[in-house]
Amino acid sequence: MAIVELPEGVAITRLDKLVSWCRKNSLWPMPFATACCGIELMATGASRHDIARFGAEVFRFSPRQCDLMIVAGRVAMKMLPVLQRIWQQMHEPKWCISMGACASTGGVFDTYSVVQGIDRFIPVDVYTPGCPPRPEQLIRSILDLQEKIQREGTVAGREFDAPSRQRPKRALQP
Amino acid sequence: MTEPETIAALKRRFPDLTVSEFRGQTRVVAPPESIHDVLTELKEHLGFDLLIDVTCVDYLNYRGAKDRFGLVYVLTGTETNRRIIVRTFVNDPEPTVPTAVDLWEGANWLEREVWDLFGIRFAGHPDLRRIVLPEPFAAHPLRKDYPLQGRGERHNFPVITRAES
């Protein structure tokens, strides 16, 4: 009877893949809809383009019950501390999708009160361009995030400790 | 009461008003000392009982401007179905105008917005504080000498990375 020698860590990587598969297929979004992209977010959750079929079954409005924050719309400087607090209240593992041009870069609103990209202050995983992005684009970004989770996910969430994820994506420029 | 009658009644009471009319829109310019009396007269006796808006124009770089801030009060009569625009001009430093809150309660927030964005004080306002911008904001952004992109207030926040969240 041949005894198959498994390399070390196979059980763990298999477990990682299983847990990542579970996590990616049950991403519950926290809709942080501030502006027009929120309408497209609602349209994505409605029946024609349904994100429930990708596992995002419910839009829980409590950050304690979500693992994906979708920031849809421009974030004013008055709203940014609220955004940061909601992000900190979410449990690990958590991901963030920046939906639309305004959340990603400030969009057309290069003014004194609009934050020019939430990735200056929040770690963002996937950016969705568009003004507003069509529901198909948002679904594409959720699928991209699912691929990212499957590729890099670990049981204990060690992928978030990687150095590439530690620094903010952009230098803080006014 | 037709428009010329309104104007005539106003001019009888306040002889130093400037009145102009353009394409159906009547404008009355009052000095800031008598703006409250003009508004009272318009509200009580001439039938303009609804305050639509209080706003301001900054004439800093405007050719031919004599004063810096032009306050605009838009009044409507609900029974006469007429509109009138009342203007007054104030200057730096410390532009101050008597408040219209005792005439119209709705002027409370409208004047707070003008204070927030232009920096015009309303004497006698019960609660003059910022309404659309956060309280620690240190400037009045709709003035012409404030840059569009701001002076860094919009990015003056702590950064949260994956390590801290």
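Screening B:R83 against (1) touching a residue at least 40 places away in the same chain (Cβ under 8 Å); (2) within 14 Å of chain A (Cβ to nearest Cβ); (3) among the basic types (K, R) leaves a single unmet condition, (2).
Which ones in the range A:107-128 are of a type in the set (S, T, N, Q) and either more than 10 Å from chain B (Cβ to nearest Cβ) or assigned to a helix (DSSP H, G or I) (or both)? Scanning the range A:107-128 gives a single hit, A:T128. Among the conditions (1) in a loop (DSSP other than H, G, I, E, B); (2) closer than 30 Å to B:G152 by Cβ; (3) among the small types (G, A, S), the only one that A:A101 does not satisfy is (1). Picking from A:Q150, A:Q88, which residue would you name as being assigned to a helix (DSSP H, G or I), more than 10 Å from chain B (Cβ to nearest Cβ) and more than 15 Å from A:C37 (Cα to Cα)? From the options A:Q150, A:Q88, the qualifying one is A:Q150. Against the conditions (1) under 18 Å from A:K24 (Cα atoms); (2) without any contact (Cβ under 8 Å) to a residue 60 or more places away in the chain; (3) more than 10 Å from chain B (Cβ to nearest Cβ), A:L138 satisfies every one except (2). Suppose we filter the range B:147-165 for residues that are surrounded by 15 or more Cβ atoms within 10 Å (Cβ to Cβ) and either among the hydroxyl-bearing types (S, T, Y) or more than 7 Å from chain A (Cβ to nearest Cβ) (or both); how many remain? Looking only at that region, the number is 2. Pairs are defined by a Cβ separation below 9 Å, a sequence spacing of at least 6 or placement on different chains, a first member in the range B:1-30 that is among the acidic types (D, E), and a second member that is part of a loop (DSSP other than H, G, I, E, B) and at pLDDT 85 or above; the pairs so defined are B:E3/B:R82; B:E5/B:L46; B:D16/B:A30; B:D16/B:P31; B:D16/B:S34.
Of everything in the range B:105-154 that is among the acidic types (D, E) and assigned to a loop (DSSP other than H, G, I, E, B), the residue that is nearest to B:T55 (Cα to Cα) is B:E105.
The values are calculated or read from the model by the stated rules, or taken from the named source; none is laboratory data. Since the model is a prediction, treat every value here as computed from it, not as a measurement. Cβ coordinates were reconstructed from backbone atoms using ideal geometry, including for glycine residues, and neighbour counts include every protein chain displayed.
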